Amino acid sequence: MSGGMFAQVNTDGTIDTGDKFADAKLKSDESPDIIDKRLEWWHDAKFGMFIHWGVYALYGGNYNGHEQARGGAEWIMNRCKIPVTEYQEMAKQFNPVNYHPDAWVKMAKDAGMKYIVITAKHHDGFALFESKASKWNVVDATPYGKDLLKPLAEACKKEGIKLGFYYSQAQDWNNPGGTVARRLMREGYPNPDSTKIDNYTEVHQGHWDSAQETVPFYKYIDEVALPQVREILLNYGEISVLWWDTPDFMTIEAAWKLQELLKLQPNIITNNRLMREDFFPGDTKTPEQKIPDQKELEGKNWETCMTMNDTWGFRYSDNNWKSAETLIRNLIDITSKGGNYLLNIGPKPDGTFPEESIQRLSEIGDWIKVNGEAIYGTKASPLGLFSWGRCTQKVRNGNTILYFSVFEWPAKGKLTLPKFSNKILKSTLLASGGKVKITSIGENLIAELPAIAPDKNATVIKVEIEGIVK
Ligand code: FHN
């Protein structure tokens with residue numbers, strides 16, 4: 001990964017914007033070929049599981065009878081302004097005795113996911129791993145007392161699933177010196193002291209508890225973030241992804257130091273959220289809760305992360321689950337535009353997945369077992385988008401395979417394909433292998449399909465053609 005000098009942070013906290021600033025833009029001395037090689041598995045994988053888990057799962061979006069008014073349940077400490085000691089007291093109830101990482105990994109694998117990215121530390125600063133840098137970790141602060149990442153890493157290795165860690169590098173609401181993205185009290189609940197609290201957070205860069213500000217940011221970086229990132233990079237075997245998040249108030253110096261640590265895992269892939277993206281672009285772009293237009297991120301490595309309901313961390317009251325059909329079509333849509341899909345699970349405090357997530361994973365798995373060929377190792381559609389579905393492609397020995405995923409089944413089974421002039425070598429339904437007749441009528445290519453859609457989620461037509469689509 002990248003090398004270079006640290007940019008100068010002046011004594012007054014400002015940054016030297018001289019030449020070194022320009023140096024910072026040079027992410028790495030790696031050649032594009034080496035970068036592409038490193039990302040090869042990730043491009044082929046297409047589908048991963050995001051896991052948001054921590055002490056916040058115990059609240060499940062409710063603080064003392066107050067339903068958190070806005071945002072994901074993993075933000076409850078900030079939005080409801082829970083005092084540091086009180087939040088840390090809650091960890092004494094964190095005892096996920098039903099945590100079975102083998103089962104988690106198996107569920108991910110059966111759903112067709114090829115990698116897992118878990119919150120080693122989210123914004124509440126709670127480490128899911130044993131840490132010498134801060135006692136605010138699962139081993140020291142909970143009755144469970146065991147590292148949660150070790151057995152997950154072992155299960156992933158056993159099952160051939162790549163493992164990545166999410167690490168909230170700047171925001172940390174419990175380890176002193178961490179930054180806070182300021183949120184107004186009304187985003188938590190109507191606290192009678194809201195005005196006073198908001199006035200306080202305004203002049204304290206978002207902090208609501210004096211315990212959060214006993215040391216400066218650089219000390220938090222040097223004494224917590226850097227040693228912890230070393231720990232997660234050194235103690236769990238091969239780590240495939242480092243997923244940074246919310247770079248609020250990050251300094252160039254802190255970002256450089258963190259990025260330097262990535263050399264401990266030479267093949268690691270990182271995202272664009274370490275600091276300002278123009279200085280530290282990372283390897284991947286990370287649209288959140290949205291699927292970009294095909295043109296928006298063309299030629300870039302990108303991964304859309306999304307929730308199955310409306311929250312990242314487990315929330316009791318969130319029943320706004322997307323259907324399996326939507327999730328499957330999202331995966332196809334993203335793949336047809338050249339991206340990856342990182343789909344989130346928010347485990348319950350006892351270590352189990354919500355039943356609704358399990359059901360959806362299983363339905364996605366059923367679809368992908370039959371149609372995975374249209375997803376893994378494919379490239380973006382060469383024919384753009386169309387109203388009834390999406391297309392992915394593979395080029396093999398100079399010829400192309402087009403995979404048309406049909407969402408809206410055509411009347412009488414007659415589907416007009418987008419135009420291409422290549423000779424058609426073979427066309428079948430991917431799931432059954434049944435032949436599909438394609439005829440050229442005037443300007444149009446018409447595929448003759450069964451009258452009723454064989455798969456309500458998406459039926460894939462595999463069309464093998466000569467050469468490459470221009
Ligand atoms: O604030 C977080 C949020 O809790 C969640 O972790 C998502 C996942 O991408 N990222 C942040 C917001 O961008």
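Each principal axis of the Cα atoms in the chain has its own extent, and those three values, largest first, are 74, 54, 44 angstrom. The packing ranking, built from the mean of other Cβ atoms within 10 Å per residue, places the peptides 100-111, 74-85, 319-330 in the order 74-85, 100-111, 319-330, highest first.
The gain in end-to-end length when the E67 to D36 segment is fully stretched comes to 6.6 nm, 0.36 nm per residue minus the alpha carbon separation.
From the largest down, segment 30-130 spans 52, 32, 29 angstrom on the principal axes of its Cα atoms. Our estimate of slack between S421 and Y218, defined as 0.36 nm per intervening residue step minus the Cα-Cα distance, is 67.0 nm. Which distance in Å, rounded to a whole number, links the C-alpha centroids of segment 192-239 and segment 139-186? Cα centroid of segment 192-239 versus Cα centroid of segment 139-186: 14 Å apart.
The calculated Kirkwood hydrodynamic radius for segment 218-287 is 12.3 Å, given to one decimal from all distinct C-alpha pairs.
Pairs from the table (K37/K470; K106/K456; K121/K146; K290/K322) lying more than 18 angstrom apart at Cα are K37/K470; K106/K456. Panel note: the C-alpha atoms of segment 327-470, placed on their principal axes, show extents of 61, 33, 25 Å (largest first). Rounded to the nearest 20 debye, the dipole size of the chain about its Cα centre is 1780 debye, using +1 on the Cβ of Lys and Arg and -1 on the Cβ of Asp and Glu.
Rounded to the nearest 20 debye, the dipole size of segment 214-359 about its Cα centre is 140 debye, using +1 on the Cβ of Lys and Arg and -1 on the Cβ of Asp and Glu. Computed per residue of the chain from DSSP H runs no shorter than four, each worth -39500 (n - 2.57), the mean residue ellipticity at 222 nm is -7000 deg cm²/dmol.
Distance between Cα centroids, segment 264-302 to segment 405-445: provide it in whole Å. Segment 264-302 and segment 405-445 have Cα centres separated by 35 Å.
Read the figures in this text as sums done on the coordinates, not as results from a lab. Predicted model, so just to flag it, every value in this text is computed and none were measured. When we count neighbours, we look across all protein chains shown, and the Cβ atoms used for this are built from the backbone with ideal geometry, even at glycine.
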